[in-house]
Every structure is written in C-alpha cells, then in structure tokens.
1. Determine, yes or no, whether N119 is touching a residue at least 12 places away in the same chain (Cβ under 8 Å), within 16 Å of the ligand (Cβ to nearest atom) and over 21 Å from A48 (Cβ atoms).
2. When segment 20-49 is examined, which residues are found to be surrounded by fewer than 17 Cβ atoms within 10 Å (Cβ to Cβ) and either in contact (Cβ under 8 Å) with a residue 24 or more places away in the chain or within 12 Å of the ligand (Cβ to nearest atom) (or both)?
3. Among the residues that make up segment 2-9, is at least one of them under 18 Å from I162 (Cβ atoms), at pLDDT below 95 and either part of a strand (DSSP E or B) or of a type outside the set (S, T, Y) (or both)?
4. From (1) surrounded by fewer than 17 Cβ atoms within 10 Å (Cβ to Cβ); (2) free of Cβ contacts under 8 Å to residues at least 40 places away in the same chain; (3) not polar (S, T, N, Q), pick out the condition that doesn't hold for P128.
5. With the requirement that a residue be within 14 Å of the ligand (Cβ to nearest atom), of a type outside the set (A, V, I, L, M, F, W, C) and part of a helix (DSSP H, G or I), what does segment 59-81 give you?
6. Where the second residue is of a type in the set (G, A, S) and part of a loop (DSSP other than H, G, I, E, B) and the first is within 19 Å of R37 (Cβ to Cβ) and within 14 Å of the ligand (Cβ to nearest atom) and lies in segment 82-103, which pairs have Cβ atoms under 6 Å and are six or more apart or on separate chains?
7. Name the residue that is nearest to the chain's Cα centre (by Cα), counting only residues in segment 1-28 that are among the small types (G, A, S) and within 20 Å of D98 (Cβ to Cβ).
Amino acid sequence: MALIQHLILIGPMGAGKSTIGRLLSEQLATAFVDLDRLIEERAGASIAWIFDIEGEEGFRERETQSLEFVLNSPAQIIATGGGCILRAKNREALAASDLIVYLETSIEQQLERTSKDKNRPLLQAGNPEAVLQVMAELRNPLYQQSARFTVDTNAKPPKLVIHEILNFLDEIQNEKLPS
Ligand code: S3P
C-alpha cells in the first residue's frame, strides 16, 4: 500500500512511536523519519545538549522548524516527540494529514520504557511519575483532538499495534475510493 500522505505518530514519551514507526516503514516500504533524530542532525547536537544550552523554548522552536521541513517532504512515516502537539502552530500543520495516529499508553508503561534513558531532559529532574502525570493531564486531550485514530498500546505486542494501524489505513483508503 503506497502512502499518499504522511502517516504521523503522536503520543507521549515511551509510547513506542519510534519502534512502531520503524516497523510500519518495513511493512509499507515507506521512508521513516524520527523527528527527534532529525532535530539532532540539523542542530549537530543531542536533545539533552539543546535543552541545556537553549532551554525548552529553543528546543520547541527547532521542533517546529523540523516539523515544517518533514511535512514539506514526500509522504513518509513520521514519529513526533511527545511535546510536538503543544504548539497550536504544530497542531495546525499536522492537521493537513488524515493519518494521524495516537499511541495511547499508561504512565506505568511510560516509566518502564523510559527508565534507563538519559536523553529525555524533561524526565531528569524531579519524580518522573509525577512529571508524566502532569504532562498527561495537559497533553492527552491534545493528542485526542489531533488524532484520527487511537491505538491503546498497553500490554500489546508491537505486531498487534501495527495490525490495528494497517486496518485503519485500509479503512481510510476504502473511504477515499470512488463508490
Ligand atoms: C519530549 C519528548 C521527547 C523529546 C523531548 C521532549 C516531550 O520525544 O522530543 O525530550 O516534551 O514529551 P519522545 O516522545 O520521542 O521521547
């Protein structure tokens, strides 16, 4: 199945956006881009360094610029960072795609998947569980508003998550076929 528009994965840190994005890329033989890695390549510096030197605001500006850059590229699978939906400007840019998939996940899963990672500056200070809880309250409604399809990734092997996303793509494609 060839993608005619970007397939965009949104959701919080540790939702599995990069893993699922890579697997979908193999299944659909379509290019995959991880927005955080692109930000690092364009800056020539790690996310941790950007936060350290430029603060969150500097990182968010780079995130908006990199998002604009990928959205203007040919259709591909895009894994966004957990905070990408915070800026209204980003949400408006994302809304041009019908294929925005929200990978919903519990705080417990997030903690399990992010516990050893040192490249997520927002989880380095304070109690990660409390930080994730505050983020979820603010951000979950934004993920929900932005998404065209939501997959609960809790206790689900990546294969099953992929299966659900491929079914969604089939449905969208059938909707778009002339009857
Ligand atoms: C962030 C999530 C990270 C990264 C940055 C900020 C956030 O991406 O963009 O550390 O604000 O939730 P992942 O969701 O890929 O971890």
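The values are calculated or read from the model by the stated rules, or taken from the named source; none is laboratory data. Owing to the predicted nature of the structure, the values given are computational and were not obtained by experimental measurement. Because the Cβ atoms are built from the backbone with ideal geometry, glycine has one as well, and the counts that use them run over all protein chains shown.
1. no
2. Listed by number, the residues that qualify are Q27, A31, R37, R42, S46, A48, W49.
3. Yes, segment 2-9 contains a residue that is under 18 Å from I162 (Cβ atoms), at pLDDT below 95 and either part of a strand (DSSP E or B) or of a type outside the set (S, T, Y) (or both).
4. The failed condition is (1).
5. R60, E61, R62, E63, T64, Q65, S66 - these are the residues of segment 59-81 that are within 14 Å of the ligand (Cβ to nearest atom), of a type outside the set (A, V, I, L, M, F, W, C) and part of a helix (DSSP H, G or I).
6. Final answer for the pair search is L103/G11; L103/A15; L103/G16.
7. My answer is G11.
For every residue, the table says whether it meets (1) at pLDDT 95 or above; (2) assigned to a helix (DSSP H, G or I); (3) in contact with a strand residue (DSSP E or B) (Cβ under 9 Å, 6 or more places away or on another chain); (4) closer than 12 Å to G83 by Cβ.
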site	(1), (2), (3), (4)
R113	no, yes, no, no
L122	no, yes, no, yes
A130	yes, yes, no, no
Q133	yes, yes, no, no
E137	yes, yes, no, no
Q145	yes, yes, no, no
V151	yes, no, yes, no
A155	no, no, no, no
